[in-house]
Amino acid sequence: MKKFCVFASLLSVSLLLFACGNKTDAPADTTASTEAPAQDLVVTENGATEYKIVRGQRTSDGVKSVAIDLRTAMIDALGAAPTLSDDFVMDDAALTADTPEILIGETNRPDSIALQATLPEGNSYAIAVKGSRIVIVATNEAVLSEAVDYFIETYVKTAEGGKLMLKGDLLITETLTDFVRKGWELSCPSPMTGSLAEGFYNSGSGLADDVRKETDEYSRMQVVSDVTKADFEAYVEEMKAAGYTQILDNTIGKNLYAEFTKDALTWHISFTDSTDEIRVSEDRAGTPLSEFAYDTVGDRQTVVYQYGLYYDPNNQVTDKTVNCGMLYVIRLSDNSLVLVDGGHLHQSSDAAIEGLWSFLHEITDTAEGETIRVAAWYITHAHGDHVTGTSKLLNRYHDEIDLQRVMYNIPSYQVRSAGYDDNTTTAKEIVRKYYPDVKFLKLHSGQNFHLSDVGFEVLFTHEDAVGLTQFEEAAKNGGNVQFPLGDYNCTSTVLRLTVDGQTVLLLGDTNVEAEAAVKKTFPASVWKSDAVQVAHHCFNYLDTLYPMIAAPIALMPNSYFGSHTPENLPKLATVLKYVENDQIYYEGEQTVGLAVVDGKLTVVYEAPVVGGEYDFSGM
């Protein structure tokens, strides 16, 4: 950080201090300041003080924290404990220029108001003695913290014998250039308002292997609390002014989202209305959203397929069968495909993979030996029953599959003691090996984009579950900010498709912990969808989320038997309340394709499940 002194006169009775600049007269304040010759102030002596530290009554937590920091420093260095107070007074007449106060930031005192008005534009602060008051103001909260730190280091910690004295004509005005907010660890400008949480959350490494250690590709997220919509909008303008290119501008409910790119990095910025937070994520690897998305439209009918998988007939897990797994295929209008997840290894016998390969040829009208174009592989979360089947397909037919994009938001292996399973590591290895030039997109809530004619909008990622409590715990314990939810299924990204005006909500394996977070994020109207993928194979109660979704069509990634067992049927009941005309389709019974016909999602394709028990054929 570089400092440019506009003008300054720094004097202490205990130590004579000089800073760059020229001495100037303090601003006139006929309302509250005396016209008599300035008298030196005795702020503390013999471990005692009459001073109060005063901040605005309706100020932010950040300013409150700065005031507390000053009090703590005075106790530690001087043995004196000034009272903390806001600026509310019953009788203005009770306040005079002789009232001993240290004014922090914007207050209703005329001395604060007058000094604030003298500040130059930019990241500026001023420190002045006005009568018996010490006034510290700044153009924003981040610089105010810097000003108070300067006051502590220059005066409080250098006072001799516990006696803090200041010259009556003290006036410092300083503008900071190349200013980096204390605690800001990202390479973009920081918001200058609100309270910055200490540290950052490692939200994942993209396609790199981060099992053994963090990589150069990991994304980092920082959180600023106690902010407003206006603060977010001002921050967006600051990013533009600093030369960052905006590639996303979206609003969902009362939440605001923006994305910027510069020098091969991407920054995702969000404002969450319910928590008054700005979150900034810096993606060090991957493709900017503007280069990842495309809107070339072809002449094929878009179809969303729930691809049939073999589930254990008794809803059990054995060495050959499983009761979970999920695979969806979207044929876009340009005849390319989006693969969603992939199924379990026990659903990936040679017969099953050959059946899937034949199905992809069938729906794209591609002859054997011709290349099938996969526009994207979307992974909801890092569990083997959601990646392995597709991994095996790519491993076997990579010469005939043109995989162009991969998208997900998987948390860092380092932010959970259990990490994630080996199947996800294998999936990454296969993509890196056979598709080194694939475009990768780190998904963040609020992103909306198109792949051909289908819209994609992200409503939840694991980052949204990480709150201030996790930052505080990490700062206290000296470790990494951890993902707080106990069930790894709650790292599932929630994504909504829009196909010809109809919406399909993909919940992955969302569980009740994530439900508690997402239901606070948006109003119920945001969640309403035309079709819903039932979460976590019908193993979870989502009694709040399903009524908000209220989908007349349900896609069940399980068999009929598995979702109607005594333990699962009560969980399915909430989904069935909204299903119309028995429009619930079971992945264990058949492959079904839905397309929009006459404005509604309609079944246009049906085929039996191919493959059975696992044959130990490996990858």
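Okay, here's what the table says:
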{"read-out": "Given (1) open to solvent by 40 Å² or more (accessible area, probe 1.4 Å); (2) more than 19 Å from TRP184 (Cα to Cα); (3) in contact (Cβ under 8 Å) with a residue 60 or more places away in the chain, index of the condition THR245 fails", "value": "(3)"}
{"read-out": "Residues that are open to solvent by less than 10 Å² (accessible area, probe 1.4 Å) and over 25 Å from THR364 (Cβ atoms), drawn from the stretch 575-601", "value": "VAL575"}
{"read-out": "Output for the stretch 127-158, where each listed residue is out of contact with any strand residue (DSSP E or B) (no Cβ under 7 Å at 6 or more places or on another chain) and either buried (at least 22 other Cβ atoms within 10 Å of the Cβ) or closer than 15 Å to ASP40 by Cβ (or both)", "value": "LYS130, GLY131, ASN140, GLU141, ALA142, SER145"}
{"read-out": "In the stretch 73-89, the residues that are within 22 Å of ASP226 (Cα to Cα) and either hydroxyl-bearing (Ser, Thr, Tyr) or touching a helix residue (DSSP H, G or I) at 6+ places or on another chain (Cβ under 7 Å) (or both)", "value": "LEU84, SER85"}
{"read-out": "Listing of strands (runs of 3 or more DSSP E) fully contained in the stretch 537-619 that carry 1 or more residues being under 32 Å from the mean Cα position of the chain (by Cα)", "value": "553-556"}
{"read-out": "Count - residues of the stretch 489-516 that are open to solvent by 30 Å² or more (accessible area, probe 1.4 Å) and either assigned to a loop (DSSP other than H, G, I, E, B) or of a type in the set (A, V, I, L, M, F, W, C) (or both)", "value": "4"}
{"read-out": "Those strands (runs of 3 or more DSSP E) lying entirely in the stretch 350-451 with at least 1 residues open to solvent by 50 Å² or more (accessible area, probe 1.4 Å)", "value": "372-378, 401-403, 439-442, 448-451"}
{"read-out": "Residue in the stretch 334-349 that is over 36 Å from the mean Cα position of the chain (by Cα), small (Gly, Ala, Ser), open to solvent by 30 Å² or more (accessible area, probe 1.4 Å) and more than 24 Å from VAL454 (Cα to Cα) present", "value": "no"}
{"read-out": "Exclusive hit being under 26 Å from TYR378 (Cβ atoms) and open to solvent by 60 Å² or more (accessible area, probe 1.4 Å), set ALA264, ALA208", "value": "ALA264"}
{"read-out": "Single residue of the stretch 211-226 satisfying the filter (outside any strand (DSSP E or B) and among the charged types (D, E, K, R)) that is surrounded by the most Cβ atoms within 10 Å (Cβ to Cβ)", "value": "ASP226"}
{"read-out": "The stretch 59-99: number of residues that are modelled with pLDDT under 90, assigned to a loop (DSSP other than H, G, I, E, B) and exposed (fewer than 15 other Cβ atoms within 10 Å of the Cβ)", "value": "4"}
{"read-out": "Failed item in (1) open to solvent by less than 20 Å² (accessible area, probe 1.4 Å); (2) in a loop (DSSP other than H, G, I, E, B), with ASN480 passing the rest", "value": "(1)"}
{"read-out": "Any hit, the stretch 314-321, residues being over 17 Å from ILE372 (Cβ atoms), out of contact with any helix residue (DSSP H, G or I) (no Cβ under 7 Å at 6 or more places or on another chain) and open to solvent by less than 20 Å² (accessible area, probe 1.4 Å)", "value": "no"}
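The values are calculated or read from the model by the stated rules, or taken from the named source; none is laboratory data. Computed from a predicted model, the values in this text were never measured in an experiment. Here Cβ is always computed from backbone atoms with ideal geometry, including for glycine, and neighbour counts include all displayed protein chains. Only protein heavy atoms, including side chains, enter the accessible area calculation; ligands, DNA and RNA are left aside. Shrake-Rupley method; radii C 1.70, N 1.55, O 1.52, S 1.80 Å.
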